[in-house]
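Structure first, commentary second.
The values are calculated or read from the model by the stated rules, or taken from the named source; none is laboratory data. Keep in mind that what you see is a predicted model, and the values were worked out from it rather than measured. Positions of Cβ are generated from backbone atoms using ideal geometry, with glycine treated the same way; all protein chains shown enter the neighbour counts. Calculation scope for accessible area: heavy atoms of the full protein, side chains included, ligands and nucleic acids excluded. Shrake-Rupley method; radii C 1.70, N 1.55, O 1.52, S 1.80 Å.
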Amino acid sequence: MRGALVNGTVDGRFFDDPMFDDLLTVAEDLRVPLYLHPGVPPIAVREAYYAGFSDDVSRTLSTSACGWHAETAVHVLRLVLAGVFDRHPGLQVIIGHMGEVLPVMIDRATGLLDPISELPRSVRDYLTGHVHLTIAGVYSPPAFAAAVQTFGIDRLMFSTDYPYVPGMPARRFLETVPLAPADRRRLAGENAAALLGLSMPSPAVDKPAGATAK
């Protein structure tokens, strides 16, 4: 395996809980990332924040429309503030959905938390040094621009969000978002290959016009 994926909290605990230190040590030693995918919010959170609408609206609001992304952003910030990346300096994590709102909140979170957190590095440094983003399900040029400007193109990876979003919008976004050819290759696969230790296929060589296959 090239990494592991977890869905939100485990028994109500985020991964800054000391019970997960052995798992994080293994990921760090193996040099494989941990993918922090959102999970269904706890009942108390659903009732406090997302109840009062139809079942479909409350469920969607609490998950794919907003709640998932807020939860994962908080999860990552908890890892930073709890010193997880200080205890595990080689740990790398992946989050989806164009960064789970962190690209637009990174400056505010850094400015407000740095003076009171007593961390040896800034919140921004932890995020941009330990977190990778996929574009899964958020095919928005403004959101992509924010992700590139805050985390850098080398930390972004192509991904679909099937079955929640069909695959074609992801492919269309990859092909049309304004990028230099080298950066498009990084987004399309090179970044993921580097992070996951995968080999990339050699690029196809275009045949000259009029050439025939043998």
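Protection proxy ranking for 59-69, 180-190, using the average of other Cβ atoms within 10 Å per residue and placing the highest first: 59-69, 180-190. Potential lengthening of the chain between Val74 and Val45 amounts to 9.1 nm, from the contour at 0.36 nm per residue minus the alpha-carbon distance. The Rg/Rh ratio of region 145-194, with both radii computed over alpha carbons and Rh defined as the Kirkwood radius, is 0.96.
Which whole DSSP H helices in the chain pass both tests: a Cα extent of 18 Å or more along the axis and a mean Kyte-Doolittle value no lower than 0.5? Each step should come with its number before you reach the end.
On the way: long enough: 67-81 (21 Å, 0.75); 102-117 (21 Å, 0.73).
Correct list, ordered by number: 67-81, 102-117.
Looking at the chain only, what percent of DSSP beta bridges run antiparallel? Nearest 5 please.
15 percent
With all protein chains in place and a 1.4 Å probe, the accessible surface of region 1-132 carries 57 percent carbon and sulfur.
Computed over protein heavy atoms with a 1.4 Å probe, the carbon and sulfur contribution to the accessible area of region 138-192 reaches 58%. The packing ranking of peptides 159-170, 76-87, highest mean first, is 76-87, 159-170, where packing means the average number of other beta carbon atoms within 10 angstrom of each residue.
The mean of 1/r over all distinct Cα pairs in the chain, once inverted, gives the Kirkwood hydrodynamic radius of 18.7 Å. When the alpha carbon gyration tensor of region 1-90 is reduced to an equivalent ellipsoid, its three semi-axes come out at 29, 13, 10 angstrom, largest first. A simple spin-label model places the labels of Asp56 and Arg185 4.6 nm from each other, with each point 7 Å out along Cα-to-Cβ. Note that the chain presents 57 Å² accessible area per residue, ligands and nucleic acids not counted, probe 1.4 Å.
The eigenvalues of the Cα gyration tensor, multiplied by 5 and square-rooted, give region 86-161 an equivalent ellipsoid with semi-axes of 23, 15, 9 Å from largest to smallest. Charged neighbours of Leu187, selected by a Cβ distance under 14 Å, balance to +2 (K, R count +1; D, E count -1). Counted residue by residue at 0.36 nm each, then reduced by the alpha carbon distance between them, the extension gain from Arg31 to Ser199 reaches 58.9 nm.
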